[in-house]
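Q: Questions regarding the structure given below will be posed in turn.
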Amino acid sequence: MSPAELLARNALRYPERRFLVTAEGSLSYAQAREGVSRIAGGLAGRGVSKGDVVAMLMHNSQDNVLSSLAASWLGATPAPINTGLIGDGLLHPLCLTRARIIIVDATLLDNLLAVVSGAPDLACVVVRGEMPDGLRREIAFETLAELAGSEGGVPRVEVADLDPGMILFTSGTTGPSKACVLSNRYLLRQAELHVKYLELRETDVLYSPFPLYHIDAATLTVLAAATIGATAALGVRFSASRFWPEVRDLGATVFNFMGATLTILWKRPPSELDRTHSVRMAWGVPMPEWSDGWKERFGFELRELYGLTDAGVVAYDRVSIGHRQGSCGQVIDEFEVAIADEGGSLARAGEMGEIVVRPREPGLTMTEYLGMPQETLKAFAGLWLHTGDLGHLDEEGFLYFHGRAKESIRRRGENISAFEVEQAISSHPAVLEVAAVGIPSELGEEDLMVFVATRPGATLDGPGLIDYCRRRMAEFMVPRYVSFIEELPKTQTQKVQKYLLRKIGVTSGAWDREAAGVREEMRYAR
């Protein structure tokens, strides 16, 4: 079964029940099915068929959800792309997927047009919103409204459970971002398990303020709601000032949190409206030390879990057991989880090492990294999926997370590839070499710091480097701290010793763009 078939079944079972709620309004299951059919008809008329990839560069919206399901309706594979990407970062997923068609928000069209000449497979651009004048016509352009204007329906294409259902991108750690190919079974079973272990109800309104290119919104919110005929509610982006009003307006009963979002909400002044909502539970990572205080203030519990796009969610705080301090949950029945040492041998209970995962049924983890066969083989070495995360298990199967072994920086809910940051900065003519590291943040997770050695005789300062970064990378990847040093510390094999840079940390000589008053259009606005 595919996500599109799940929607079709729900449209017959309870056509008038609310499926999707956004600031634009609400759609019933029957209305959503009609919208999906129209977009699918338009895509089919442009040559999209089973096995094709439909790229999507869209902010959260009803059209985003319907377009993804429309691709599924045709047996094609939706590939949502991070809307913050620009330049080579945006070109990479277009080339990797070899998508011939992309649906893009009009507000993001300029970013796409800047790189479209480097994506030779791209033949059709569908614009959600108003079409600008003066577009070159070697590529076909049309609006989503035009594409979805056909009256005729299109038969749903039958697919196999293990056929590709979606491509989601994860940040690389030592190279470019990887494209996780997720089967139809992965998408629907992960949604079912989310419902099972969080004990979600058909009367729930599952709310996520996070983007649909993340598993949290795409699978663990939209598809989890569809699994039980509940309602999915989507915000456009997280904003502390808008969060609680949006939760109230959308009637959310469950929401998910990520990264620093809980800390930002917690640090806001207490209000008489703190308990004026319908929320009964929230889930996500990481669990704050003050979770008991959260329940006392806001009136509901927080649930932690452990998972990643590559492997799915493998551990949950079970409602019947409750949270065990320091743990991110108990390994669920559908997975095996073990801890591997540096040699690949499995560790004993209590010993720390790399978290490795394998499912007890087919299709619960990603199928492959698209176009990266060697990376796929490496990830599944020894018949375990290697997460690159450090942790330990106790005797009762509770999993404890100790950090990321991969060279990745977790900032404001985004995984940032240090390699990609370094590649962009190293292209500056004044930069000799650069290293990016994560520095503990007062909001939890990390802030991004770069150490830069300049070329002899070259001059460069913090503001100049930040301006250079902003023109070449997504805002969430732009460093906060810049430290100029004479030479990066290296091993005898010329590998940068980043642990020494982390020890140096933020000194009085480091430039802090936030302290300097350089404003940032952060993904998580205060």
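The values are calculated or read from the model by the stated rules, or taken from the named source; none is laboratory data. Bear in mind the structure is a predicted one, so any value in this text is a computation, not a measurement. Reconstructed Cβ throughout: ideal geometry from the backbone, glycine too, with neighbour counts over all protein chains shown.
Q: Scan the range 24-41 for residues that are over 17 Å from residue 7 (Cβ atoms) and over 23 Å from the mean Cα position of the chain (by Cα) and report the count.
A: 1
Q: Right, here's the next one. Of the conditions (1) in contact with a helix residue (DSSP H, G or I) (Cβ under 8 Å, 6 or more places away or on another chain); (2) closer than 27 Å to residue 32 by Cα; (3) not aliphatic (A, V, I, L, M), residue 132 fails just one. Which one is it?
A: For residue 132, the failing item is (2).
Q: Please state which one of 454, 507 is in contact (Cβ under 8 Å) with a residue 24 or more places away in the chain, closer than 30 Å to residue 115 by Cβ, polar (S, T, N, Q) and out of contact with any helix residue (DSSP H, G or I) (no Cβ under 6 Å at 6 or more places or on another chain).
A: Of the residues listed, the single one that is in contact (Cβ under 8 Å) with a residue 24 or more places away in the chain, closer than 30 Å to residue 115 by Cβ, polar (S, T, N, Q) and out of contact with any helix residue (DSSP H, G or I) (no Cβ under 6 Å at 6 or more places or on another chain) is 454.
Q: Looking at (1) in the same structural domain as residue 9 (by TED's automatic domain parsing); (2) at pLDDT 95 or above; (3) more than 30 Å from residue 386 (Cα to Cα), find the lone condition where residue 203 falls short.
A: (1)
Q: Out of 57, 96, 43, report the one residue that is in contact (Cβ under 8 Å) with a residue 12 or more places away in the chain and more than 23 Å from residue 186 (Cα to Cα).
A: After ruling out the rest, the residue left standing is 43.
Q: Sticking with this one: Can you name the residue in the range 352-370 that is touching a strand residue (DSSP E or B) at 6+ places or on another chain (Cβ under 6 Å) and not in a strand (DSSP E or B) and, of all such residues, is surrounded by the most Cβ atoms within 10 Å (Cβ to Cβ)?
A: 366
Q: I'd like the full set of residues that are part of a loop (DSSP other than H, G, I, E, B), in contact with a Ser or Thr (Cβ under 8 Å, 6 or more places away or on another chain) and closer than 21 Å to residue 234 by Cα, limited to the range 1-28.
A: Scanning the range 1-28 gives 15, 16, 17, 24.
Q: Residues that are over 30 Å from residue 7 (Cα atoms): find the helices (runs of 4 or more DSSP H) completely inside the range 77-181 holding 2 or more of those.
A: Because the criterion is at least 2 residues that are over 30 Å from residue 7 (Cα atoms), the helices (runs of 4 or more DSSP H) in the range 77-181 that meet it are 87-97, 109-113.
Q: Taking residue 501, is it farther than 30 Å from residue 112 by Cα, outside the structural domain of residue 257 (by TED's automatic domain parsing) and modelled with pLDDT under 95?
A: Values: farther than 30 Å from residue 112 by Cα: yes; outside the structural domain of residue 257 (by TED's automatic domain parsing): yes; modelled with pLDDT under 95: yes.
Criteria met by residue 501.
Q: Taking the condition outside any loop (DSSP other than H, G, I, E, B), surrounded by fewer than 20 Cβ atoms within 10 Å (Cβ to Cβ) and either not polar (S, T, N, Q) or not assigned by TED's automatic domain parsing to the domain that holds residue 400 (or both), does residue 338 pass?
A: Yes: the conditions hold for residue 338.
Q: In the range 41-57, how many residues are over 15 Å from residue 125 (Cα atoms) and surrounded by 20 or more Cβ atoms within 10 Å (Cβ to Cβ)?
A: Final tally of qualifying residues: 1.
Q: Select from the range 142-170 the residues that are exposed (fewer than 15 other Cβ atoms within 10 Å of the Cβ) and either within 29 Å of the chain's Cα centre (by Cα) or at positive phi (or both) and list them in ascending order.
A: If the condition is that a residue be exposed (fewer than 15 other Cβ atoms within 10 Å of the Cβ) and either within 29 Å of the chain's Cα centre (by Cα) or at positive phi (or both), then 158, 160, 162 are the ones that fit.
Q: Please determine whether any residue of the range 248-260 is modelled with pLDDT of 95 or more, touching a Gly at 6+ places or on another chain (Cβ under 8 Å) and basic (Lys, Arg).
A: no
Q: Let me ask you something else. Grab the strands (runs of 3 or more DSSP E) fully contained in the range 371-443, keeping just those with 1 or more residues being modelled with pLDDT of 90 or more and either within 24 Å of residue 313 (Cα to Cα) or of a type in the set (Phe, Trp, Tyr) (or both).
A: Of the strands (runs of 3 or more DSSP E) lying wholly inside the range 371-443, those with at least 1 residues that are modelled with pLDDT of 90 or more and either within 24 Å of residue 313 (Cα to Cα) or of a type in the set (Phe, Trp, Tyr) (or both) span 385-393, 399-404.
Q: Then there is this: Yes or no: residue 311 of a type in the set (A, V, I, L, M, F, W, C), within 24 Å of the chain's Cα centre (by Cα) and either under 24 Å from residue 219 (Cβ atoms) or modelled with pLDDT under 95 (or both)?
A: For residue 311, the condition - of a type in the set (A, V, I, L, M, F, W, C), within 24 Å of the chain's Cα centre (by Cα) and either under 24 Å from residue 219 (Cβ atoms) or modelled with pLDDT under 95 (or both) - is met.
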